[in-house]
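Single-structure report; data block below.
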Amino acid sequence: MRNYIALAIPVFFVMIAGELVLARARKVRVYRVADAVTDLSCGIQQQTLLIFERAIQAAIFVWAYEHRVATLPAWADWALAWIGVDFLYYWWHRMSHEVNFLWAAHVVHHQSEDYNLAVALRQSVLTSWTTLPFYLPLSFVGVSLPAFATAASFSTLYQFWIHTELVGKIKGPADWILNLPAHHRVHQAINPQYLDKNYGAILIVWDRIFGTYAEEIEPCVYGTTKPLASLNPIWAQVHYWPEMAKMAWRAHGTDKLKVWFASPAWKPRGQEVPAPAPVARATFQKYDPHPSRARSIYVLVQYAVLVAATFSLIMWETAIPRTALVLGAACVFGTVLSIGGILESKRWAIPAEVTRLAVGAAAVVAWLRA
């Protein structure tokens, strides 16, 4: 099966470049280097781990398909895949905002305090596992793996373009049927009236049917109600898990278990916090360590190499020797970690950078010797 996400990577960067050009023409700023780099780092982590996870997840779907209750004709297979993926995505997405342990994975996508196409690539390394139980029933009812994988990939690809502030309100029938940028801006916002709204993937009709739709009215403020305040992409992936563990440790009785399954808005007795206060775009303070121009240039140069290396790992994973693949993946994670540290001027950043350069060199040598 084709990896449509990997094939689309060059298109993603062309569209990001186009958004930058359009923003400059309109004299608005929609990108900050440090934030955008962290967004991309989270997505790179996800795609790198999928190299090692994809076969396991595909095997699970194949096993479910072998135990299907029906064999569908081709047209029904593909039709059910497209509608089923969109419908089940809505429920996965909604539950990921309403159940704490699912939010622990999904929160990664909401951490950016900007809103642009790079944010679409800010993904959790756990998303492919948290979605699996929601999508698996499709295989049991007879949806084939190629049909499912294609529908899921194009659902993800569609959602890329809606992460922009440069496309205004689109009126007409599309506004009622499709998930559009104005709808998804609401979903990403932390304005109290926008919280937990507009969960759709391609279609917005599920939100209209199940009462989770909200119209974009006031300007959106982005991020999470408790800011991450970090450019460390590895910490971004895991930070909410120790926070939940801490809440559970301090909780009493059944609250210790409830922490993991309750809404993120719920807190154990004695740990309550005020409801989210109104926010205004004009006064909202974004986390910005203001890296120097030299640091930003160094990071961007290194990032160009990182993107090329990650693309190579994803595209030719079956041809690369296993040792080189593992070392390459380790180098990817080391790179995103050290780059985050460089942008924040952390003391450990330089030793981490030297280490990852050494691991990267070892990966290249292992590949060439094979």
If we keep just the residues of segment 256-302 that are among the β-branched types (Val, Ile, Thr), free of Cβ contacts under 8 Å to residues at least 40 places away in the same chain and under 30 Å from Glu218 (Cα atoms), which is surrounded by the most Cβ atoms within 10 Å (Cβ to Cβ)? Val273
Write out, first by first residue and then by second, each pair whose Cβ atoms fall under 6 Å of each other, whose residues are 6+ apart or on separate chains, and whose first residue, in segment 303-321, is closer than 23 Å to Ile342 by Cβ while the second is modelled with pLDDT of 90 or more and in a helix (DSSP H, G or I). Leu306/Thr335; Thr310/Ile44; Thr310/Val332; Phe311/Ile9
Within segment 95-116, how many residues are touching a helix residue (DSSP H, G or I) at 6+ places or on another chain (Cβ under 8 Å) and farther than 30 Å from Val33 by Cβ? 5
Looking at Glu317, Glu353, can you tell me which residue is crowded, with 17+ Cβ neighbours inside 10 Å, assigned to a helix (DSSP H, G or I) and acidic (Asp, Glu)? Glu353
Ala329 fails exactly one of the following numbered conditions: (1) among the small types (Gly, Ala, Ser); (2) crowded, with 19+ Cβ neighbours inside 10 Å; (3) not in a helix (DSSP H, G or I). What is the number of that condition? (3)
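Matching residues to (1) modelled with pLDDT of 95 or more; (2) touching a Lys or Arg at 6+ places or on another chain (Cβ under 8 Å); (3) at positive phi:
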site: Asp39; (1), (2), (3): yes, yes, no
site: Cys42; (1), (2), (3): yes, yes, no
site: Ala55; (1), (2), (3): no, no, no
site: Leu80; (1), (2), (3): yes, no, no
site: Val85; (1), (2), (3): yes, no, no
site: Leu102; (1), (2), (3): yes, no, no
Leu138: touching a residue at least 40 places away in the same chain (Cβ under 8 Å) and farther than 28 Å from Leu20 by Cα, yes or no? yes
Of the residues in segment 8-57, those that are part of a loop (DSSP other than H, G, I, E, B), farther than 20 Å from Gln302 by Cα and out of contact with any helix residue (DSSP H, G or I) (no Cβ under 8 Å at 6 or more places or on another chain) come to Arg26, Lys27, Val28
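Yes/no matrix, rows are residues, columns are (1) assigned to a loop (DSSP other than H, G, I, E, B); (2) touching a residue at least 40 places away in the same chain (Cβ under 8 Å); (3) buried (at least 16 other Cβ atoms within 10 Å of the Cβ):
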| residue | (1), (2), (3) |
| --- | --- |
| Leu157 | no, yes, yes |
| Asp175 | no, no, no |
| Val186 | no, no, yes |
| Thr225 | yes, yes, no |
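The values are calculated or read from the model by the stated rules, or taken from the named source; none is laboratory data. Because the structure is predicted, anything quoted here is derived from the model rather than measured. Cβ coordinates were reconstructed from backbone atoms using ideal geometry, including for glycine residues, and neighbour counts include every protein chain displayed.
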